[in-house]
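Below is one structure, written out as structure tokens; comments come after it.
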Amino acid sequence: MGETIEGHGGELALAALRAHGITEMFTLSGGHVFPLYAAAHDAGFPVYDVRHEQSAVFAAEAVAKLRRRPGLAVLTAGPGVTNGISALTSAHFNGSPVLVLGGRAPAFRWGAGSLQELDHVPLVAPVTRYAATVPATASIPGEIAAALTAALTPHRGPVFLDLPLDVIFSTAAATRPGELAIAIAEADPDDVARAAELLATARRPVIVAGSDVWSLDAVDDLRHAAEELHVPVFANGMGRGALPPGHPLAFARARRTALAGADVVAVIGTPLDFRLGFGEFGEARVVHIVAAPAQRATHLTPAVSPAGDLRRTLTALAGWTGNRSDHREWVAGLRAAEDAGKARDAAEMAAETDPIRPARVYGELRRILAPDAVTIGDGGDFVSYAGRYLEPARPGTWLDPGPYGCLGTGLGYAMGARVTYPDRQICVLMGDGAAGFSLMDAESLVRQGLPVVIVVGNNGIWGLEKHPMRAMYGYDVAADLTPGLRYDDVVRALGGAGETVEKAGEIGPALRRAFESGVPYLVNVLTDPADAYPRSSNLA
């Protein structure tokens, strides 16, 4: 029998959270969850608050993504929980182990019409790995352990617990939490051997590595497998940087050429979704390597789909001892296409145009961002350019909304990133449309001493909607924003700093001032509304 602990519901919850490695709380104040705040205050446990609940969940997800362990958001009852559902859904699509603790109207008065009385569980159940209402104060540590076990068991994802007001305010004794037991599943050895054989014997193989390679700590194993089998690697999501840009098998610009010419494509740790053309790679045979059977594609039939621990699967690929084809000519051809693409990009990123082309912004950022900088994409058109022109030097440094495509991640992700890495550059790339979702949280960053740099690509339109709609109909509807709006003035009014940039030559100096400022600083770049990135490229 474990040691007994006693306290109110907030104290029991905090003991469980700390025992399982959670070290910070993101929230927006609400009376239903006061005991959690009281426990944190008494224990010196860091609490960071925001101006909209979705930012709290996005901040927790950033911690989960960057630290590869659970992040915590605490939301009050009713609208507190419902305001966080879009962010919870993003975590679901991203496989991020986020724990949301929600306040709930008291159980003993349920059905009588208490303030913000709503049964949250049916709303969040479709987008969580575990969702439950805690029935009694003594059950809190055990329910947290069960939820976190589900969150960390592949395929990872968010979890939710409701804490009724009378449950969390009451006092009880409970067993002190022990370590979580996370089951590790191994892929079928025959599936792994078939995948290895296909890659090794293909004439034109390609690997596409996704976020799970980072989140499940399989980066070194991926690199070893690619080197042993001599297969070129492309990456998306947090898999970007798994092979550093200078690695002879790391590619980014030649993806279209590679996927069009490949005879075997191995997609590792990411879905066969719209970002990868739904896995339709011409005549190529598809190998889909995933962490759990539920992640296997169901809209097509891969040649083989090993499902299990990615580290073990990739180690087995590296150890393949059977027949192999010579891939040197294929890799050399892709390198030529890569170099040609980089040359074209270099010209774009140096363009001296008026108005400014978005590519020039990224050309300047490439000169300033440190190798360990965390770059956050929150937008459509403007951030699509980031997927093309920025090459993370290290894995785990690129945060984007993922396949759910939810705008508003920016300042929540920035808060989580700054809390995680106090000494790194944190840079948010934000479209002017996306700025409308979270810019008020610049005040949260200022008030809590969390400096970040925000770069707004301000073209005065919803770029990914206006241009396609005009192409389809000859006109556009609800696709315009105010041209030249001073988003930097908003951040200054909230206690930060910023400036507007209208000439390409002003971008670099403005960025340097921003990173040297030590405060939340917004660089508002007026970009060309006619220069729209094609949605079909799916480079994020």
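Each reported figure results from applying straightforward, stated rules to the coordinates on display, with no laboratory input. Since the structure is predicted, the reported quantities are computational estimates derived from the model, not experimental observations. Please note: Cβ atoms are built from the backbone with ideal geometry, for glycine as well, and neighbour counts cover all protein chains shown.
Observations on the structure shown:
- The chain, helix-only ellipticity at 222 nm - DSSP H runs n ≥ 4, -39,500 (n - 2.57), divided by all residues, nearest 500: -11000 deg cm²/dmol
- Backbone amide hydrogens, once placed in the peptide plane, bring Arg285 within less than 5 Å of Val264, Val265, excluding anything fewer than 5 places away on its chain.
- Whole-Hz ³J(HN,Hα) from phi, Karplus 6.51 cos²θ - 1.76 cosθ + 1.60, for region 236-245, glycine and proline x: 9, x, 7, x, 4, x, 4, 9, x, x
- Full extension of the chain between Ala471 and Arg344 gives 43.1 nm of extra length, using 0.36 nm per residue less the Cα-Cα distance.
- Working note: Karplus 6.51/-1.76/1.60 with θ = phi - 60° gives region 319-327 the couplings x, 4, 10, x, 4, 9, 9, 8, 9 Hz, where Gly and Pro are set to x.
- Sequence-distant lysines (8 or more away, or on other chains) whose Cα lies within less than 30 Å of Lys65: Lys342
- Placing a label point 7 Å from the Cα of Ala493 along the Cα-to-Cβ direction, the residues of region 51-91 with a backbone N closer than 20 Å are 51-52.
- Inter-part distance where region 140-185 and region 38-79 are each reduced to a Cα centre, Å: 16 Å
- Length gained on full extension, Asp423 to Thr175: 85.5 nm, using 0.36 nm per residue less the C-alpha separation.
- Partners for Lys466 among aspartates and glutamates (Cα-Cα distance below 12 Å; same-chain residues under 8 apart left out): Asp381, Asp476, Asp480, Asp531
- Amide H contacts of Asp480 (H built 1.01 Å from N, in plane; Pro and chain starts excluded): Trp462 sit under 5 Å, all sequence-distant by 5 or more or on other chains.
- Applying the Karplus relation 6.51 cos²θ - 1.76 cosθ + 1.60 with θ = phi - 60° to region 493-500 yields 3J(HN,Hα) values of 5, 8, x, x, 9, x, 7, 9 Hz, where x marks Gly and Pro.
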